[in-house]
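Down below is the structure, laid out as structure tokens.
FYI, it's all coordinate maths here, none of it is from the lab. All of these numbers come straight from a predicted model, not from anything done at the bench. Because the Cβ atoms are built from the backbone with ideal geometry, glycine has one as well, and the counts that use them run over all protein chains shown.
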Amino acid sequence: MKSKLLIATTNVGKLKEISNFLKDLPLEIISLSEIGITDDVKEIGKTYRENSELKALFYAKKSNLPAIADDGGLEISALGGAPGLKSRRWLGHDASDDELINYLKKVSNSLPEDNRRASFRAVISFALPSGKVFSAEGEVKGIIAKEPQLKKNKGFPYRVFFYLPQIQKYYQDEELSEKEQKLYNHRYRAISKLKPIIKKVLMIND
């Protein structure tokens, strides 16, 4: 019988991505909508880790299931690391993907030519109903492109501007091969660190 694992996010992009990165484990992946949980968690933490752990613990206790949650953001060097923690609320409210893309286009036009460096960082937390929580961080570095890639992925607005010079590709699912996803995806890097813990805690044998 497969162990159940709740992926605690309402972001369809994150749900798909995290589920895909866990597909090699014999898990029954559960979403919040599947078990009727609509509660929201106020992200009052001062770091990605604090917010990630806050959400994972809340939903693990609420559902009585082991749960995974994440927090992260886009950090632009020339802006001192902004938007960072406020990535989803950069405009001060729950902006649509299109609104955030349009705003980043203005930001991109204002960036200095010699400093377009940026990174995506994420902390993923794995929590148990008992209150135990484990966390891992992943990061990918790139630049903010002058022009966006035209195809958008729902839930990931900033990726249309995020370019990986080392492989000359945008950070988009359809651009990256499966091998490149494993090499460059910041969530994959975090999940990879958590997998041994998930297997041990849920008693999953190779």
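Check each of the trypsin sites (Lys or Arg not before Pro) in region 128-206 and keep only those in coil by DSSP with at most 14 other C-beta atoms within 10 angstrom; list them in order.
Listed in order of number, the matching sites are Lys132, Lys146, Lys151, Lys154.
With just the Cα atoms defining each centre, how far is region 59-95 from region 150-206? Give it in Å.
16
Taking neighbour Cβ counts within 10 Å as the exposure measure, how do Ile37, Ile18 sort from fewest upward?
Listed from fewest to most nearby Cβ atoms, that is Ile37, Ile18.
Can you tell me the dipole magnitude for region 42-94 around its Cα centre, using point charges on the Cβ only (Lys, Arg +1; Asp, Glu -1), in Debye to the nearest 20?
200
For the chain, would you read off the P(r) tail past 28 Å as a percentage of all alpha carbon pairs?
Result for the distance tail: 27 percent.
Please turn the phi angles of region 70-82 into ³J(HN,Hα) values with the Karplus equation 6.51 cos²θ - 1.76 cosθ + 1.60 (θ = phi - 60°), one per residue in order, whole Hz, x for glycine and proline.
After applying 6.51 cos²θ - 1.76 cosθ + 1.60, I find 9, 8, x, x, 8, 10, 9, 4, 5, 9, x, x, 6 Hz.
Test of understanding: ordering His93, His186 by Cβ neighbours within 10 Å, fewest first, what list do you get?
Least to most surrounded, the residues fall as His93, His186.
Once label points are set 7 Å from the Cα along Cα→Cβ at both Lys199 and Lys86, what is their separation, rounded to one decimal in nm?
4.2
At 222 nm, what helix-only mean residue ellipticity would the chain give, in deg cm²/dmol to the nearest 500, using -39500 (n - 2.57) for each DSSP H run of four or more?
-9500 deg cm²/dmol
Would you mind computing, in nm to one decimal, how far apart the modelled labels at Tyr103 and Lys179 are, each placed 7 Å from Cα along Cα→Cβ?
Result for the modelled spin labels: 3.9 nm.
So which trypsin sites (Lys or Arg not before Pro) in region 49-106 pass both tests, a DSSP loop state and at most 16 other Cβ atoms within 10 Å of the Cβ?
Arg89
Please get the size of the charge dipole for the chain, origin at its Cα centre, with Cβ charges of +1 on Lys and Arg and -1 on Asp and Glu, quoted in debye to the nearest 20.
360
About the Cα centre, and with charges only on the beta carbon of Lys, Arg (+1) and Asp, Glu (-1), how big is the dipole of region 97-205? Nearest 20 debye, please.
480
Using the charge dipole of region 1-111 (Lys, Arg: +1 at Cβ; Asp, Glu: -1 at Cβ; taken about the Cα centre), state which of Tyr59, Tyr103, Asn11 has its Cα farthest towards the positive end.
About the Cα centre, the residue reaching furthest to the positive side is Tyr59.
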